[in-house]
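Here is the structure we will look at.
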Amino acid sequence: MIEFKNVSKVYPNGTVGLDNVNLTIEQGEFVGIIGLSGAGKSTLLRTINRMHDITDGELIVNNQEVKNLKGAELRHFRRKIGMIFQSFNLVNRTTVIRNVLMAKVPEMSFLRVLFGIFRKEDKLEALECLDKVGILDKAYIRADQLSGGQQQRVALARTLAQNPEIILADEPVAALDPVTAKQVMNDFKKINKDMNISILINIHHVELALEYTDRIIGIRAGKIVYDGPSKDVTPEVLNTIYAGKLPTE
Ligand SMILES: Nc1ncnc2c1ncn2[C@@H]1O[C@H](COP(=O)(O)OP(=O)(O)OP(=O)(O)O)[C@@H](O)[C@H]1O
Ligand SMILES: [Mg+2]
């Protein structure tokens, strides 16, 4: 469970990222976070695994007060939270399976990391993760020989190899064509339903957000202006979230 209680985030230069946010997200929810550029979507995601510190309020993730975590405790906490980015962040010059195995590095001894020696069970697990996102056949191909959609699936498989409880995805389909974007959203949905992993996804494509997620959080200038079922998002709600700037078809 993720709980924001009166959380604010003010950056050192005085910019307000989050303004008194209150939220509860239960384990296994699939949440889309929408809002204009600069609204605070990335800030919200990044406070959850403490890539950013909050400046006020309380943030509790899996019964732990996030701001109190440090050292080994913080590292262990972060292992349970996967992060996916728009730009995939793969190691391009190596194979797909090696990219997925990177998720195991924090658990490995220095020597094994140095020589790139992975255990058989880790390799099997990596292959299973690739199978879950439908690209098992690409395991031994170099990552930079894959399409954008396939690369994002590798990133997703790498995150799964971490055995996360939560996946935070910051604009994961922004660099993909509309058809591929739908396929990747489908992968997220499947993972969410099959594995009960909570997924929070920042997304600029409103239609995709409404089609695939179960709950929408709308942010405007650091404040939550909508929080409810995706199916209940009306044009008026979108008008509020996007301050009347959303182009209408
Ligand atoms: N490191 C930082 N230092 C100062 N201000 C920042 C920093 N990161 C973000 N901000 C500011 O905080 C506000 C929220 O930014 P954030 O990146 O969370 O928006 P966003 O909704 O993710 O936007 P986008 O859709 O463009 O990714 C913006 O005004 C932004 O300029
Ligand atoms: Mg952002």
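The values are calculated or read from the model by the stated rules, or taken from the named source; none is laboratory data. The structure displayed is predicted, hence computed values, not measured ones. For neighbour counting, all protein chains shown are included, and Cβ atoms are generated from backbone atoms with ideal geometry for every residue, glycine included. Ligands, DNA and RNA are excluded from the accessible area calculation, which covers all protein heavy atoms including side chains. Shrake-Rupley method; radii C 1.70, N 1.55, O 1.52, S 1.80 Å.
Matching residues to (1) within 27 Å of ASN63 (Cβ to Cβ); (2) part of a helix (DSSP H, G or I); (3) more than 15 Å from the chain's Cα centre (by Cα):
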{"residue": "ARG153", "(1), (2), (3)": "no, yes, no"}
{"residue": "ILE191", "(1), (2), (3)": "yes, yes, no"}
{"residue": "GLU211", "(1), (2), (3)": "no, yes, yes"}
{"residue": "GLY244", "(1), (2), (3)": "no, no, yes"}
From the set of residues in the range 43-59 that are within 16 Å of ligand 1 (Cβ to nearest atom) and part of a strand (DSSP E or B), which is surrounded by the most Cβ atoms within 10 Å (Cβ to Cβ)?
LEU59
Of the residues in the range 28-51, those that are under 12 Å from the mean Cα position of the chain (by Cα), more than 13 Å from ligand 2 (Cβ to nearest atom) and among the small types (Gly, Ala, Ser) number 1
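Matching residues to (1) in contact (Cβ under 8 Å) with a residue 40 or more places away in the chain; (2) within 15 Å of ligand 1 (Cβ to nearest atom):
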{"site": "THR159", "(1), (2)": "yes, no"}
{"site": "ILE166", "(1), (2)": "yes, no"}
{"site": "GLU171", "(1), (2)": "yes, yes"}
{"site": "VAL179", "(1), (2)": "no, no"}
{"site": "MET185", "(1), (2)": "no, no"}
{"site": "ASN192", "(1), (2)": "yes, no"}
{"site": "ILE197", "(1), (2)": "yes, no"}
{"site": "HIS204", "(1), (2)": "yes, yes"}
{"site": "GLU207", "(1), (2)": "no, no"}
Among residues of the range 96-118 being open to solvent by 20 Å² or more (accessible area, probe 1.4 Å) and modelled with pLDDT of 90 or more, the residue nearest to GLN145 (Cα to Cα) is ARG98
Condition (residue is open to solvent by less than 80 Å² (accessible area, probe 1.4 Å) and at positive phi) applied to the range 60-79: is it met by at least one residue?
yes
State whether the residues of the range 167-190 include one that is within 25 Å of GLU107 (Cβ to Cβ), out of contact with any helix residue (DSSP H, G or I) (no Cβ under 6 Å at 6 or more places or on another chain), polar (S, T, N, Q) and surrounded by fewer than 20 Cβ atoms within 10 Å (Cβ to Cβ).
no
Count of residues meeting criterion [more than 13 Å from ligand 2 (Cβ to nearest atom), open to solvent by less than 10 Å² (accessible area, probe 1.4 Å) and farther than 27 Å from LYS190 by Cα] in the range 1-27
2
